[in-house]
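Since the structure comes first, as structure tokens, the remarks are kept for the end.
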Amino acid sequence: NFLGAKIRLYLTFPLLDGTTEKIEYGIYTVVTPEIYGTTVIVTASDDMYKTDVAYTTSLPFPATIKSMLRDCCTACKISLHTSDIPNGDFIVQEKPSGEYTHRQIIGYIAMIAGGNARINQRGSLEIKAYQFDYAASFHKLKKWKNLTIGASDITVTGIQTNVRDKEGNETTILEGEEGYVLKIKNPL
């Protein structure tokens, strides 16, 4: 019975000198009972599955997103790679009301930090900041067959969200300019 088992996955590569390079790929937990047959099928997830529980906290508010992230990790029994995140001192005025999971709250924190929350290869939660250096060239097409280029590129001109002040009045904030605007919701 593998249910609940921890799997540490490595990628191994034979090197020219006869040795083997071993790279840790991640730590996973078997979360679904295995299926038996001629082959045993095991379904495993990284520790982010632990965050799929109702958000509860005894953290006093107002609180920084840095302290909220630490609190979520403690509640979900996940190690935190570092609590030093971009915009970590952003203050959330009141406890989120509504039926949220810890995963959703961590996602909203990552949004404010300008990144994505993930479990790294060592099994710790980290927020990877998005790379906004558009001058850097990441991919170059060199050879292709039947490549079709879209006639109209889309340029995101801004990001829009609604914020509520202490009196409950809602204001729309637009960063950028009108045009092709992405609208986001974040209760924090």
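The values are calculated or read from the model by the stated rules, or taken from the named source; none is laboratory data. Owing to the predicted nature of the structure, the values given are computational and were not obtained by experimental measurement. All Cβ positions, even for glycine, are placed from backbone atoms using ideal geometry, and neighbour counts span all protein chains on display. Ligands, DNA and RNA are excluded from the accessible area calculation, which covers all protein heavy atoms including side chains. Shrake-Rupley method; radii C 1.70, N 1.55, O 1.52, S 1.80 Å.
At-a-glance table
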| read-out | value |
| --- | --- |
| Subset of segment 2-39 (residues that are within 26 Å of SER79 (Cβ to Cβ), of a type in the set (A, V, I, L, M) and not in a strand (DSSP E or B)) | LEU3, ALA5 |
| Residues satisfying the stated conditions in segment 60-80, i.e. over 17 Å from TYR28 (Cβ atoms) and open to solvent by 40 Å² or more (accessible area, probe 1.4 Å) | PRO60, PHE61, PRO62, LYS66, ARG70, THR74, ALA75, LEU80 |
| Leading residue by the ranking (modelled with the highest pLDDT) among those in segment 144-178 that are surrounded by 10 or more Cβ atoms within 10 Å (Cβ to Cβ) and part of a loop (DSSP other than H, G, I, E, B) | THR157 |
| Residue satisfying all of: in segment 23-39; open to solvent by 70 Å² or more (accessible area, probe 1.4 Å) and of a type in the set (A, V, I, L, M, F, W, C); modelled with the highest pLDDT among these | ILE23 |
| Check on GLY98, open to solvent by less than 20 Å² (accessible area, probe 1.4 Å), at pLDDT below 95 and closer than 30 Å to ARG164 by Cβ | no |
| Any hit, segment 8-22, residues being open to solvent by 50 Å² or more (accessible area, probe 1.4 Å), touching a Lys or Arg at 6+ places or on another chain (Cβ under 7 Å) and more than 30 Å from LEU188 (Cα to Cα) | yes |
| Qualifying residue in segment 119-138 (condition: in a loop (DSSP other than H, G, I, E, B), at pLDDT 85 or above, open to solvent by 40 Å² or more (accessible area, probe 1.4 Å) and not hydrophobic (A, V, I, L, M, F, W, C)) | yes |
| Some residue of segment 55-62 being touching an Asp or Glu at 6+ places or on another chain (Cβ under 6 Å), in a loop (DSSP other than H, G, I, E, B), under 22 Å from ASP165 (Cα atoms) and not basic (Lys, Arg) | yes |
| Top-ranked residue in segment 38-69 [being closer than 18 Å to ALA110 by Cβ and among the aromatic types (Phe, Trp, Tyr); ranked as farthest from the chain's Cα centre (by Cα)] | TYR55 |
